[in-house]
Amino acid sequence: MTTPDHPSPASQPPVPAGKDRIYRSPLGLAGGALLLLVVLWLGFDALFKGDGRTPWLALAGLILVVPLILAFTLRPAVFANEERLRVRNPFRVISLPWGEVAGLRSGYTNEVLAKSGGKYQLWAIPVSLRARKKAARRQQRVAADAARGGTPGGRGGLGPSGLGLGGFALRGPDTGPARADTDKVMDDLRDLLDQHGTAEPAQGEVGVRWAYEVVAPAVAGAVLLAILLATG
C-alpha cells in the first residue's frame with residue numbers, strides 16, 4: 001500500500017483564527033496625545049526649572065498622571081476575530097470567547113454581557129448621543145424624500161436652492177450613514193457573535209487580567225505625592 005499524498009483532515013494542523021479587527025476611538029487617541037504632550041511639557045519644565053520641593057512634586061505628579069492619561073485615552077481598544085472578543089480597558093484586559101458572550105448592549109455606554117453574569121464596558125467604543133441624533137435626522141430626511149417620490153437626501157420643491165436648469169437637482173443624494181459610527185461597530189460585533197457563537201473554536205472561559213503596568217506606577221505616584229504633601 002502507498003501512503004496518500006495528502007494527510008487526513010484529522011492530522012492537519014488547525015486553521016488559525018482570522019486577523020483581529022481592531023476598534024479604537026480616534027478622538028480619544030487625539031485627545032490623549034494632546035493632553036499627554038501638555039502634561040509632559042509642564043511637568044518637565046517644573047522638574048528641571050523648579051526650586052525647592054517643586055521638582056519632587058512634579059516628579060510625583062508625572063508618575064501619577066501619565067499612566068492614567070495613557071490608561072483612559074491611548075490604551076483602550078477592542079480586538080475581535082472569529083474565536084473571541086478581547087477588550088482592553090483602562091485597568092483590565094477581558095478575553096471573552098464568543099461562546100461565552102450573552103449579548104452586546106448599547107445604551108449610554110456600549111457593553112458586552114457574559115453568560116456568567118459579568119458586564120464589561122467597551123471603553124474604546126464610546127457612545128455619541130449627538131451622532132445618534134444626527135443619524136436619526138438623516139434617516140428621517142431620507143424616509144420623507146422617499147415618501148414624496150424625490151431623490152433621497154435631495155431638496156424637494158421648486159425653489160432655486162433645490163433645482164437647477166431644466167429642473168434637475170443641483171444637490172446630489174445624501175449618501176451619509178443612517179446610523180452612528182459606534183452603532184455600526186456594535187452591529188459588526190453582533191454579526192461576529194451570530195456567526196461564531198456556536199462554533200467549536202469559539203468556546204472557552206472568560207479571562208480577566210489586571211493591568212498592573214498601569215496600576216503600579218499610578219499607585220506609586222499617588223503614595224509619593226501624598227508623602228510629599230504630608231511632610232510639606
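The values are calculated or read from the model by the stated rules, or taken from the named source; none is laboratory data. What you are looking at is a predicted structure, and each value in this text was computed from that prediction instead of being measured. FYI the Cβ positions are ideal-geometry reconstructions off the backbone, even for glycines, and counts take in every protein chain you see. When the accessible area is computed, the model is the full protein with side chains, heavy atoms only, and any ligands, DNA or RNA have been set aside. Shrake-Rupley method; radii C 1.70, N 1.55, O 1.52, S 1.80 Å.
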**Asked** Among the residues of region 11-25, is there at least one that is assigned to a helix (DSSP H, G or I) and modelled with pLDDT of 95 or more?
**Response** no
**Asked** So is Ser161 at pLDDT below 70 and loosely packed, with under 14 Cβ neighbours inside 10 Å or not?
**Response** yes
**Complete:** Listed by first then second residue, the pairs whose first member lies in region 40-61 and is in contact (Cβ under 8 Å) with a residue 40 or more places away in the chain and under 20 Å from Pro217 (Cα atoms), whose partner is of a type in the set (Lys, Arg) and not in a helix (DSSP H, G or I), with beta carbons under 7 Å and at least 6 positions apart or on separate chains, are none
**Prompt:** Which one of these does Val65 not meet: (1) open to solvent by less than 30 Å² (accessible area, probe 1.4 Å); (2) over 30 Å from Leu104 (Cβ atoms)?
**Reply:** (1)
**Message:** Please verify whether Arg137 is open to solvent by 70 Å² or more (accessible area, probe 1.4 Å) and at pLDDT 95 or above, treating the condition exactly as stated.
**Reply:** no
**Message:** Residues that are part of a loop (DSSP other than H, G, I, E, B), open to solvent by less than 20 Å² (accessible area, probe 1.4 Å) and in contact (Cβ under 8 Å) with a residue 60 or more places away in the chain: does region 98-109 have at least one?
**Reply:** no
**Prompt:** Are any of the residues in region 195-206 assigned to a helix (DSSP H, G or I), over 24 Å from the mean Cα position of the chain (by Cα), modelled with pLDDT of 90 or more and surrounded by fewer than 16 Cβ atoms within 10 Å (Cβ to Cβ)?
**Reply:** yes
**Prompt:** What is the number of the single condition among (1) at pLDDT 95 or above; (2) under 16 Å from Ala199 (Cβ atoms); (3) of a type in the set (D, E, K, R) that Arg88 does not meet?
**Reply:** (2)
**Message:** Taking the conditions exactly as written (part of a helix (DSSP H, G or I) and among the aliphatic types (A, V, I, L, M)), does Val78 satisfy them or not?
**Reply:** no
